[in-house]
Amino acid sequence: MINTTPMDGASPLFKSEIVIVYAIALKMLLGDRLKYFGLIAGIAFAAMLIAQQASILVGFTKQTGAFIRDTAQADLWIMDPQVRFSQDHIPLREIMVHTVRGTPGVQWAVPLFQGFVRARMPDGTNFTLILVGLDDSSLTGAPPLMVEGALTDLRRDRAVFIDAGTSAKKLRMKNGGNRPMQVGDTFSIMDHQAYIAGSYRSRTSFFWEPVLYTTYSRALTFAAGGDRNLLSYVMVKLLPDASLEQTRALLQQRTGLAARTNEEFIQLTADYILNETGILMNFGFAILLGFAIGSLVAGQTFYNFTLDNLRHYGTLKAMGVSNRTLAGMLFLQVAVVSVLGYGIGVGMGSALGLLMSSAGLAFSMPWQIPAITALAILLVSLLASWFSLRRVFALEPAVVFKG
Amino acid sequence: MSLLSTSGTPVVSCRQLRKNFGSGENQVQALRGINLDIYPGELMMLVGPSGCGKTTLISVIAGILDASAGECQVLGENLLTLASAARTQWRGKQIGFVFQAYNLLPTLTAAENVAIPLLVQKLPRSQALKQAAEMLQRVGLAERIQALPAQLSGGQQQRVAIARALVHQPPLLVCDEPTSALDHHTGHQVMELLRRVATSANRSLIVVTHDARIFPFADRIAHIEDGLITHIAENSPALIKESLHVA
Ligand SMILES: Nc1ncnc2c1ncn2[C@@H]1O[C@H](COP(=O)(O)OP(=O)(O)OP(=O)(O)O)[C@@H](O)[C@H]1O
Ligand SMILES: [Mg+2]
């Protein structure tokens, strides 16, 4: 009575008869538009949630390295070994610039000052700013793009540059001035007069304080009355044929300081800020939560779909459809919904991200995020359909025979 | 006495068939030693109070449910030793199902629904749909081939389901309460259809029912109580013939 098994011969996927059964699976899925869109919406929501949260964390991480990326025109940063992040000002003696310059393998080396200082706007509003002092002659480390004025305007008397992107928010005069400071304004930094000679645009920084650029020597005057030993970093360019590791070792040995590449410094800063501020913990938790909620929604959606169709699967099984084919049908349905839901979800996530980042919020979606989200959705879908399959495989007479 | 009833080798032969659900204190003995023979061409009705084991019995006979003990030979196959995957395949070929709730796939047309057993038997799609259309014509639904189940009345849906159960010409049809979702008149028509179209010399029907008004359609009626067959009544051929004329 038993005829040959259906699985003999070629792979069943490529047998047209089986393909027809898969066509039934698709009809089951697409026939009920409302349920179909509900399923896709569930997966889309899950994908969006996962991608969104992860992108915000990456966005924050990127912002922590904004200053280093804006400033990086050299190969190595020389700094106190105890420096933990890019805004961590531990002063060096100025003599170090000369020690570095005299080290074999070094093409050039320039000082950089960077520190938090207090200032007062024309209307008396007090504020704290991050002052960056660039090497007077080369202006190495200058912001990448000027909006008003030219880079050389920084050499004018008492000149500083402000960030055009954030001045409206961060440089607003609240004590009667009732407008942001702008190019042409004069204000005071630690009781020294400063003149806004230009404005620039930079990467969005993690730090709230406005970043103002000036020359190195003027920064020392503003910040410390001219104390020469308030150097923050020495930026080093290597000779084209110099070995990074050899020169680095030599520099560290001669100065007793740390020498870090841009990427190392960015990593150090990101690690410190993310861990110390609790952002990593909080966002790690938010991502997990997003993942959990998303997974739950996606899994629940699929499980309900299968449950709704249990009688139909049962009927098919009663009519002789094998477990293997039923599994194939279910996976096909899950795959269609997952792919569409994933696409829509990640698409909406990126669109939302575009809105967010244009509003200045942290958001960055490198290709790894859609990839990880895809894996997560795949995992959840497989898990959910596996749970559903167990119900389908254990064909209960009650499921098909009940009225 | 029906001529068909007890002639030939039984299609179904159950001996001391038992089915228990659960274990220990919660164990339910749904079948407690069923002895039953069903012959080729016979329409056997199973009747009895709710919970007496009717659905359980046809589930075992149709190869959907494992029995706990006893013997159950169906169409020459010993179901208690047949592996699950082989049983699924056997079922697809040998059994036709008619359910109380019709169990049509709501997103497929009548023809597509009827074609499923043929597709499972690996018939090409066009051929399957053609045979499905022919079968729908035989149950009086030639006009509704492209209709979705929701566009059909209950009686029409059950006729589609009967077409689906017959399209691959299985030797045994299993029907669980095929008329109980229908009004009396429609139920009567459905039974008439089963008697006229489904019954043939080499096809047997098992029909579970509560509805005493359709008893005259049966060749024999097995009364079940508490997991046991209490007695089997036979209808005279004259009564069966008469029932087909009372609409
Ligand atoms: N999967 C199951 N698990 C536990 N008990 C079950 C299961 N299926 C059926 N039973 C029990 O077995 C007994 C027989 O059930 P069955 O469904 O065969 O009755 P039935 O005669 O078809 O009743 P009805 O007329 O209400 O459909 C009942 O007591 C029922 O509760
Ligand atoms: Mg029942």
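The values are calculated or read from the model by the stated rules, or taken from the named source; none is laboratory data. Being a predicted model, the structure only gives us computed values, none of them experimental. Here the Cβ positions follow ideal geometry from the backbone for every residue, glycine too, while neighbour counts run over all protein chains shown.
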Pairs with Cβ under 8 Å, 6+ apart, first in the range A:383-402 and surrounded by fewer than 18 Cβ atoms within 10 Å (Cβ to Cβ), second assigned to a loop (DSSP other than H, G, I, E, B) = A:K402/B:Q100; A:K402/B:A101
Of the residues that make up the range B:50-60, is at least one surrounded by fewer than 15 Cβ atoms within 10 Å (Cβ to Cβ) and not aliphatic (A, V, I, L, M)?
-> yes
Please specify each residue of the range B:50-65 satisfying the condition of being within 12 Å of ligand 2 (Cβ to nearest atom) and outside any loop (DSSP other than H, G, I, E, B).
-> B:K54, B:T55, B:T56, B:L57, B:I58, B:S59
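Just to be sure before I move on: is A:S338 of a type outside the set (D, E, K, R), closer than 22 Å to A:I56 by Cβ, modelled with pLDDT of 85 or more and more than 16 Å from ligand 1 (Cβ to nearest atom) in the structure I sent?
no
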Would you check which residues across the range A:269-324 are aromatic (F, W, Y) and either away from chain B (no Cβ under 14 Å) or without any contact (Cβ under 8 Å) to a residue 24 or more places away in the chain (or both) and list them?
-> A:Y272, A:F283, A:F285, A:F291, A:F302, A:Y303
Screening A:S357, A:S388, A:S350 for residues that are under 26 Å from A:A327 (Cβ atoms), hydroxyl-bearing (S, T, Y) and away from ligand 1 (no atom under 16 Å from the Cβ) leaves only A:S388
Give the residue, chosen from A:F302, A:F265, A:F222, that is in the same structural domain as A:I43 (by TED's automatic domain parsing) and not small (G, A, S).
-> A:F302
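Can you tell which of A:L395, A:L361 is within 16 Å of ligand 2 (Cβ to nearest atom) and out of contact with any strand residue (DSSP E or B) (no Cβ under 8 Å at 6 or more places or on another chain)?
Only one candidate passes the filter, namely A:L395.
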Out of the residues in the range B:160-181 that are within 27 Å of B:G51 (Cα to Cα) and more than 16 Å from ligand 1 (Cβ to nearest atom), state the one that is farthest from the chain's Cα centre (by Cα).
-> B:A161
Does B:T107 count as assigned to a helix (DSSP H, G or I), more than 14 Å from ligand 2 (Cβ to nearest atom), within 7 Å of chain A (Cβ to nearest Cβ) and β-branched (V, I, T)?
-> no
B:Q137: more than 24 Å from B:D211 (Cβ to Cβ), polar (S, T, N, Q), more than 16 Å from ligand 1 (Cβ to nearest atom) and in a loop (DSSP other than H, G, I, E, B), yes or no?
-> no
